[in-house]
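Q: Before I ask anything, let me first share the structure, which is written out below as structure tokens.
The numbers here are math on the coordinates, done by the rules we state, and not lab data. Bear in mind that the values here come from a model prediction, so they are computed numbers and not experimental data. No Cβ is skipped: glycine too gets one built from the backbone with ideal geometry, and neighbour counts run over all protein chains shown.
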Amino acid sequence: MEFAEALEEYLVTIDVSRSADIRVKRLIKTALASGYEEQKLIEPLENYLKKKPSSIVCAKILADYYFDRGRVKEAVSVYLPALIAVKNTKAILEYGVRLKEKHPLEALRVFEAFAEAFPEDTTHSIVLFEAAALRLRSVTARGRWHCTSVSPKKIPIPEKAKPHA
């Protein structure tokens, strides 16, 4: 049996079996060590996420895979939509906080996506503050705004915080 076929079989149970994620990770590691083509392993995971975008387990496996290879932007692009789909606000905030120090622009993407997806959440103002702090840090460190994926105008400033004319 080919690695990709075995992977597809494991994916059938990934959202219901507690050990499926361990088996998938082990299979990927073994396949790569055997010289198996990376894209052939990634495609089944990506296809599964297209069918089931709220599969946190599959998204986490793929995001971890990307993250371990330094592909942080891809990791966030995979994991964040799944977290939003299942409305796991706590995990989204924790993810943004974990990214904040070493990957501030990706953390900013997480916080802005949270603010947009959950405007009524009780932590919304905290998220806006975190995003603003990251934006300020980015501007200060580079002397100008340096992010193509997020607009500096994306997060609205609450009326109470605007200066009076």
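Q: From the phi of every residue in the stretch 3-14, what ³J(HN,Hα) in whole Hz does the Karplus formula 6.51 cos²θ - 1.76 cosθ + 1.60 yield, where θ is phi - 60° and glycine or proline is x?
A: 4, 4, 5, 4, 4, 4, 5, 5, 5, 4, 9, 4
Q: Which order do the peptides 119-126, 103-110, 33-40 take when ranked by the mean count of other beta-carbon atoms within 10 Å per residue, highest first? All intermediate terms of the calculation are to be shown ahead of the outcome.
A: On the way: 119-126: 12.1, 103-110: 22.4, 33-40: 10.5.
Listed from highest to lowest mean packing, they are 103-110, 119-126, 33-40.
Q: Still on this structure, I have one more. What pairs from K73/K102; K29/K60; K52/K87; K29/K50; K29/K100 go past 18 Å between their alpha carbons? Mind dumping the intermediate values first?
A: On the way: K73/K102 12 Å; K29/K60 15 Å; K52/K87 15 Å; K29/K50 23 Å; K29/K100 28 Å.
Going by Cα-Cα distance, K29/K50; K29/K100 fall outside the 18 Å limit.
Q: In which sequence would R69, R135 go, from the one with the fewest C-beta neighbours within 10 Å to the one with the most?
A: Working: R69 11, R135 21.
Lowest count first: R69, R135.
Q: Provide the net charge surrounding K51, with neighbours chosen by a C-beta distance below 14 Å and charges set as Lys +1, Arg +1, Asp -1, Glu -1. Show your work: numbers first, answer last.
A: Numbers: positive: K50, K52; negative: E8, D15, E43, E46.
So the environment of K51 carries a net charge of -2.
Q: Tell me, what HN-Hα J-couplings in whole Hz come from the Karplus equation 6.51 cos²θ - 1.76 cosθ + 1.60 at θ = phi - 60° for each residue of the stretch 63-78, using x for Gly and Pro?
A: So the J values, rounded to whole Hz, are 4, 4, 4, 5, 4, 4, 9, x, 9, 5, 4, 5, 4, 5, 5, 8.
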